[in-house]
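These notes concern the structure reproduced below.
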């Protein structure tokens with residue numbers, strides 16, 4: 001699910017809005033020690049589009065190697081960097097440039113650049129904004145990594161190897177129940193993590209992953225109604241599937257793993273009163289009178305794993 005390029009794209013747009021620099025660009029690592037510039041705003045040529053920058057080479061490569069921001073006020077005359085990329089930079093007319101590495105858990109994941117077409121010193125405000133954009137992106141990528149790891153673990157639990165799914169009455173039913181509790185905990189984590197990222201693209205991907213996980217639960221673990229021979233919500237003639245808002249589903253996913261309203265509020269960054277309001281709305285849509293009934297109905301509808 002990880003998508004560093006998509007996250008870099010959002011950071012480039014954010015930096016451009018924050019600074020008003022004539023050109024902002026960047027890219028994610030494309031290999032162990034090189035990055036490919038893929039995101040550009042304000043460019044007048046295609047000279048930098050797709051350019052591969054190797055660690056240690058040029059301004060961005062130096063930022064990658066040092067793990068900290070580097071900037072120059074007159075790129076062609078700068079003596080502290082190599083000039084491997086003078087031709088594409090010159091075609092774009094860039095002179096004053098800052099390069100900020102994106103570092104997650106001590107590993108460089110990409111570089112953000114901001115540039116002027118004049119030989120002027122970049123203002124502290126601009127450099128600070130570039131550094132803040134990189135810090136925000138680092139946080140988003142760290143959250144995305146946690147979500148990827150959690151989702152991978154959840155898929156292993158939700159869809160065990162062939163022959164590992166215990167039949168009815170099997171002595172391993174307790175183990176299966178424990179696996180599903182873990183899946184449900186991961187589902188709630190994904191919903192919570194989605195609200196911690198600033199990048200709307202990443203947020204939507206996390207939400208989509210949680211929906212897929214809920215759907216896997218519906219397909220892998222037969223609902224009690226089906227086991228008893230009664231029609232489930234996906235059968236012909238069944239009532240329409242309830243539609244919950246993202247926030248209603250966020251709250252219900254935390255209620256499903258045993259969170260109180262206060263605990264759900266803390267995890268989701270909401271007020272307890274707000275959580276209560278979302279929960280009431282979800283219960284009304286699910287035609288449920290208790291928290292447990294709402295969770296059970298949502299699971300039968302495939303909204304929760």
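The values are calculated or read from the model by the stated rules, or taken from the named source; none is laboratory data. Only a predicted model underlies this, so the values are computations on that prediction, with no experimental measurement involved. Using ideal geometry, Cβ is built from the backbone for each residue, glycine included, and neighbour counts are taken over all protein chains shown.
In the stretch 184-204, of all residues being crowded, with 21+ Cβ neighbours inside 10 Å and at pLDDT below 80, the one that is nearest to residue 270 (Cα to Cα) corresponds to 197. For the stretch 26-60, a residue qualifies if it is within 18 Å of residue 201 (Cα to Cα) and in contact (Cβ under 8 Å) with a residue 60 or more places away in the chain, and the qualifying residues are 26, 27, 28. In the set (1) part of a helix (DSSP H, G or I); (2) in contact with a helix residue (DSSP H, G or I) (Cβ under 7 Å, 6 or more places away or on another chain); (3) farther than 29 Å from residue 148 by Cβ; (4) modelled with pLDDT of 90 or more, residue 273 fails one condition alone, (2).
How about the stretch 209-261: which of its residues are modelled with pLDDT of 60 or more and part of a loop (DSSP other than H, G, I, E, B)?
Within the stretch 209-261, the subset modelled with pLDDT of 60 or more is 209-218, 239-261.
Matches in the stretch 209-261: 239, 240, 241, 242, 243, 244, 245, 257, 258, 259, 260.
Those strands (runs of 3 or more DSSP E) of the stretch 1-64 in which 2 or more residues are touching a strand residue (DSSP E or B) at 6+ places or on another chain (Cβ under 6 Å) and crowded, with 18+ Cβ neighbours inside 10 Å occupy 23-29, 34-41.
Of everything listed in (1) more than 19 Å from residue 66 (Cβ to Cβ); (2) out of contact with any strand residue (DSSP E or B) (no Cβ under 6 Å at 6 or more places or on another chain); (3) modelled with pLDDT under 95, the single unmet condition for residue 120 is (2).
Rundown of residues vs (1) under 18 Å from residue 12 (Cβ atoms); (2) surrounded by fewer than 22 Cβ atoms within 10 Å (Cβ to Cβ); (3) touching a helix residue (DSSP H, G or I) at 6+ places or on another chain (Cβ under 6 Å); (4) in contact (Cβ under 8 Å) with a residue 60 or more places away in the chain, yes/no style:
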{"site": "73", "(1), (2), (3), (4)": "no, yes, no, no"}
{"site": "76", "(1), (2), (3), (4)": "no, yes, no, no"}
{"site": "79", "(1), (2), (3), (4)": "no, yes, no, no"}
{"site": "86", "(1), (2), (3), (4)": "no, yes, no, no"}
{"site": "102", "(1), (2), (3), (4)": "yes, no, yes, yes"}
{"site": "106", "(1), (2), (3), (4)": "no, yes, no, no"}
{"site": "112", "(1), (2), (3), (4)": "yes, no, yes, yes"}
{"site": "116", "(1), (2), (3), (4)": "yes, yes, no, yes"}
